[in-house]
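What follows is a set of notes on a single structure, which appears directly below.
Any read-out appearing in this document is the output of simple, stated calculations on the displayed coordinates, not a laboratory observation. Predicted, not measured: the structure shown is a model, and the values here were computed from it. Note: ideal-geometry Cβ built from the backbone for every residue, glycine included; neighbour counts use all protein chains shown.
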Protein chains: 2
Amino acid sequence: MLSCRHTFKLDTIMNGISSARSKKNGLSVREKTYEYLKSNILSGRFTAGERLAEEHLAEELGVSRTPVREALHKLELEGLIEPLESRGFCVPHDSPEEVEDLFDLRTVLEGYTLKLICERITDEQIERLEGVIGKAEASLRRKRIDEVFQWNTEFHDILHGMVADKRRFHNLIVNMRKYVLRYRKDTLQYLGAAKRAIDGHRQIVLALKLKDPELCERVMRVHIRQAKEDALQTNSEAR
Amino acid sequence: MLSCRHTFKLDTIMNGISSARSKKNGLSVREKTYEYLKSNILSGRFTAGERLAEEHLAEELGVSRTPVREALHKLELEGLIEPLESRGFCVPHDSPEEVEDLFDLRTVLEGYTLKLICERITDEQIERLEGVIGKAEASLRRKRIDEVFQWNTEFHDILHGMVADKRRFHNLIVNMRKYVLRYRKDTLQYLGAAKRAIDGHRQIVLALKLKDPELCERVMRVHIRQAKEDALQTNSEAR
DNA sequence: AAGCGCAAATATGTATCCAAAGTCGAGGGG
DNA sequence: CCCCTCGACTTTGGATACATATTTGCGCTT
């Protein structure tokens with residue numbers, strides 16, 4: 001209650017910067033709310049099953065319920081939260097089965113995507129990928145796991161950028177990688193997993209160089225399956 | 001303007017039946033709005049690029065803008081509409097490339113799904129599938145294309161029902177089949193396509209009987225690719 | 001006559017309001 | 001003592017109100 005004060009404050013600021021979705025510069029309140037909630041969910045701030053109430057979140061952010069509602073609905077559609085039987089939403093419990101499903105889906109989609117990429121990739125792009133792998137290895141040698149993670153992310157970003165024109169594939173894959181972050185943050189802790197990931201990337205580039213679409217698909221499937229196993233391993237250890 | 005009258009009327013009716021999302025019986029206004037818009041989009045009532053304005057739609061349905069907005073956002077996420085640069089949404093132009101993308105995605109997902117199904121299907125379920133194929137053939141002999149379509153849909157429904165526990169796969173596939181309807185409605189017209197679809201289903205069942213996961217994946221890929229070609233063919237003829 | 005600019009209309013984003021449904025607890029009855 | 005019921009409170013869905021932004025068209029100026 002009494003969030004009016006905060007509301008007015010934020011409102012004023014927002015107006016000053018860029019009231020609605022001025023697209024270029026500032027994000028709309030809804031977008032900010034959405035991003036805020038998403039990052040909180042992915043970073044694990046909310047424990048699974050914990051109730052997320054519109055009102056409460058609205059107050060916390062100093063905005064009205066409207067953008068919060070829209071953000072929650074969007075998150076629900078993306079599968080990051082699920083409706084509670086009674087009311088409200090919560091971050092779903094992630095059973096090992098669901099984690100497995102998620103990775104299986106990635107296995108299939110990313111495998112096929114690499115096959116597509118194989119047919120259109122240029123030598124220059126391959127060099128870029130190799131450069132990134134090199135940087136990841138350098139970070140690994142310095143035991144900077146978080147840096148390795150950054151470079152590995154970059155590696156996949158470059159790949160996905162190559163199918164940006166295939167919007168459905170692109171959106172789907174990018175979305176799934178977001179969910180995966182929830183698990184990866186634990187996985188990351190292990191040097192072994194980081195090394196395996198880099199090895200996988202080396203193999204991917206090799207397959208791309210050979211211009212063998214079928215090999216590409218298989219290699220990527222193996223890579224993601226490896227990631228799945230690392231994630232499941234870490235997850236079960238955590239409990 | 002002056003939609004107030006309608007609004008009050010519908011409001012009263014709604015309240016009488018089941019105001020909010022009484023889940024079991026009646027749909028919430030948002031859900032009804034969503035379904036309404038979706039069926040209108042899929043049935044091709046809106047021409048591609050045509051602007052969909054909240055206010056206008058709200059008035060047409062006799063509801064306020066709130067549920068319309070939520071429905072529009074949902075449709076956007078599903079890819080059935082896309083935001084216009086300025087404001088509002090529109091049904092995207094479906095370039096042959098996009099249709100191809102859509103089917104490619106289905107190819108991959110359904111292929112993998114059949115592989116999964118292969119490992120868990122029972123003889124009884126196979127019999128059910130064969131029964132449905134038989135009925136589709138009977139309908140085909142009587143040249144009842146719409147009936148063939150129903151049975152073919154049933155065939156895929158049964159298959160997808162078998163991976164209902166893999167929620168991500170399930171949702172994704174079911175969703176994509178919805179989009180496909182937009183094209184299939186034309187494709188359907190052709191007996192040749194109907195026959196090819198049934199043949200594909202026969203092959204699928206055969207692969208399932210052989211319990212060969214790799215074969216299943218390949219056969220399903222071929223089947224969907226066939227559907228893609230039929231769809232593209234029809235589409236280009238239509239223009 | 002043409003182009004620039006301003007103003008009005010329209011649409012969208014956000015806040016608030018209202019009604020209805022669900023939840024929880026207290027009190028009474030079995 | 002436990003269960004059932006009724007009522008108040010919480011929370012959500014939907015409507016409306018309001019501010020802002022965009023677009024379009026009209027008028028003025030050059």
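List of remarks:
- Chain B has one residue whose beta-carbon comes closest to the axis relating it to chain A; that residue and its distance in whole Å are B:L77, 2.
- A straight Cα-to-Cα reach below 16 Å connects B:K74 with the aspartates and glutamates A:E31, A:E70, A:E76, A:E78, A:E82, B:E31, B:E35, B:E54, B:E82, residues fewer than 8 places away in its own chain not being considered.
- Once the Kirkwood radius over Cα pairs is known for the range A:139-187, the Stokes-Einstein relation at 20 °C and 1.002 mPa s delivers a diffusion coefficient of 181 µm²/s.
- Taking 0.36 nm per residue of separation and subtracting the current Cα-Cα distance, fully stretching the chain between B:L181 and B:Q150 would add 9.9 nm.
- Intensity falloff of the range B:19-113 expressed as log10 I(q)/I(0), Debye formula with alpha-carbon point scatterers, at q = 0.14, 0.19 Å⁻¹: -0.60, -0.93
- Residues listed by number, the range B:190-228, amide nitrogen under 15 Å from B:R141 label point at 7 Å toward C-beta: none
- P(r) histogram, all alpha-carbon pairs of the range B:40-171 included - 10 Å bins from 0, percent: 10, 27, 27, 25, 11, 1
- Rg/Rh (Cα only; Kirkwood hydrodynamic radius) as it applies to the range B:124-217: 0.97
- 7 Å along Cα→Cβ, label-point gaps from A:C90 to other copies, nm, shortest first: 4.4
- Ascending list, in nanometres, of distances separating the B:L191 label from those of the other copies (7 Å, Cα toward Cβ): 7.2
- Ascending list, in nanometres, of distances separating the A:A164 label from those of the other copies (7 Å, Cα toward Cβ): 4.1
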